[in-house]
Each structure stands twice: as structure tokens, then as C-alpha cells.
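Notes follow the structure.
Read-outs: derived from the displayed coordinates by stated rules, not from any lab. Just so it is clear, the model here is predicted, and its values are computed rather than measured. Ideal geometry is used to build each Cβ from the backbone, glycine not excepted, and the neighbour counts take in all protein chains shown.
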Amino acid sequence: MGNLIVECPGCKLKLPSKNLEPCDRYHASGECWQFYGELAAYNMSKNDPAFIHQLAVDAYGAQHSGGVTRNITTAFALIGLYLSIECGYTGRQVQKAHMELAKRRHDWPRFEPPHQTYSLTVFDVLRVEPGKKRDEMLKSWAEDVWKSWEHYHDWVRTICHQWLNR
Ligand SMILES: [Zn+2]
């Protein structure tokens, strides 16, 4: 024993087992979720008015859809990635858009996650030294996740056009 490997059901990251319960909010292993917690704590420790952490919320959310993850979580993650990556929104602006959408629309579909494996995970972001380089890796991670969800790009664009006038 001692060298059991756990594969995260969302991002497929393989990590040594710590016998953790799976995350109850996202389709994720407890081990992967713990890394997300580390990244969240790091992001929160910065005085960051643009709130880059929203990009981590949305990248992680999209990457861990299915299972216990609610449809609205996946929808908001994809919409957040789109607004940030393709429309240049800051994290704060994405949060406002999410609030608008929550007021207006309530029926979100069940999403079919991408078939291919993701090339980056939360672990790749944490491995980079804190500071500018880590923020850049966070952006690369989010862009990679957004690209992987190409089969929903038109859906996301239509939603944003209809409900946010984007
Ligand atoms: Zn994961």
C-alpha cells in the first residue's frame, strides 16, 4: 500500500492517494480539489482588483463537469471563459455577467464534456513559481480548457449574445 494512484474524474490528473473523499461540489477527486484549494488561497492572498481568481474558478468548473457538478456551474464556467478569453473581461466583469444571467435564465442543459484529455490542470499552475509566471500559466490553463470545449463555443456565443448583448 502507500502508492495507490487516484485519477481525478474531471481533469484526469493522476495523483498519489491520500484517501480523501471525492469533492462534493465538483466532479473531482479530493486530491485534485486540495490543489485547487491551494491555488484559491494563493489567489486570495494577492491584492488583485481585477480578480484573476475568477479565471481559475471557471477553468476548474469547466474541467470538472458531470457527476455532482450542477449544470449551471458548467454553464457559468463556459460563459466565464468565453467572456474572459474572447471578450477581454476582467474577473470582476465576469462576476457581474454571472449575476445578470442568474437573474434571467434558469434552465441549463446537461453538458457533454470533451472526449480528448486536457493538456493542463490546476497542478501545472501550482507548479509554477508565484507571481507573473503563475498568472500566465493560469491563463494558459483557462485557454486550453476553453479550446477543449469547442463543441459548445457556438452555444456559449449565442447565450451571451441573447442574454448579455455581447
Ligand atoms: Zn481534477
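Taken one residue at a time, the phi angles of the stretch 109-116 give Karplus couplings (6.51, -1.76, 1.60, θ = phi - 60°) of x, 7, 9, 9, x, x, 7, 6 Hz. Gly and Pro are set to x. Which one of K14, K133, K103 has the biggest mean-square fluctuation once the chain is modelled by GNM with Cα springs under 10 Å? Comparing K14, K133, K103 in a Gaussian network model of the chain, the most mobile one is K103. Within the straight-line cut-off of under 16 Å between alpha carbons, the aspartates and glutamates reachable from K14 are E31, D124, sequence neighbours fewer than 8 places apart in one chain being disregarded.
Positive contributions from Lys and Arg (+1) and negative ones from Asp and Glu (-1), summed over other residues with Cβ under 13 Å from the Cβ of V57, come out at +1.
In the chain, the DSSP-assigned H stretches of four residues or longer account for a calculated mean residue ellipticity at 222 nm of -17000 deg cm²/dmol, using -39500 (n - 2.57) per stretch and the full residue count as denominator. Isolated cysteines in the chain, defined as those with no second cysteine Cβ under 4.7 Å, comprise C11, C23, C87, C160. When K132, K46 are arranged by Cβ crowding within 10 Å, least crowded first, meaning fewest neighbours, the order is K132, K46.
In the stretch 38-143, a dipole from Cβ-located charges (positive for Lys and Arg, negative for Asp and Glu) runs towards its positive end, and of M99, A59, S84 it is M99 whose Cα lies farthest in that direction. Computed from Cα atoms alone, the Kirkwood hydrodynamic radius reported for the chain is 16.2 Å.
In whole angstrom, how far apart do the alpha carbon centroids of the stretch 139-158 and the stretch 107-133 sit? The distance from the Cα centre of the stretch 139-158 to that of the stretch 107-133 comes to 11 Å. Using θ = phi - 60° in the Karplus curve 6.51 cos²θ - 1.76 cosθ + 1.60, the 3J(HN,Hα) couplings for the stretch 141-154 round to 4, 4, 5, 5, 5, 4, 4, 5, 9, 3, 5, 10, 4, 5 Hz; x is entered for Gly and Pro.
Here the chain is assigned +1 on the Cβ of each Lys and Arg and -1 on the Cβ of each Asp and Glu. Its dipole about the Cα centre then comes out at about 360 debye. Evaluating 6.51 cos²θ - 1.76 cosθ + 1.60 at θ = phi - 60° for every residue in the stretch 7-20, the Karplus couplings come out as 9, 5, x, x, 8, 6, 4, 9, 9, x, 5, 10, 6, 8 Hz, glycine and proline recorded as x.
Between K139 and D107, the C-beta separation translates, for a Förster distance of 30 Å, into a calculated FRET efficiency of about 0.45.
Between V6 and L15, S17, the built amide H atoms are under 5 Å apart, and every one of these is 5 or more places off in sequence or on another chain. Between C87, C23, C32, the residue with the greatest mean-square fluctuation in the GNM of the chain (Cα pairs under 10 Å linked by springs) is C87.
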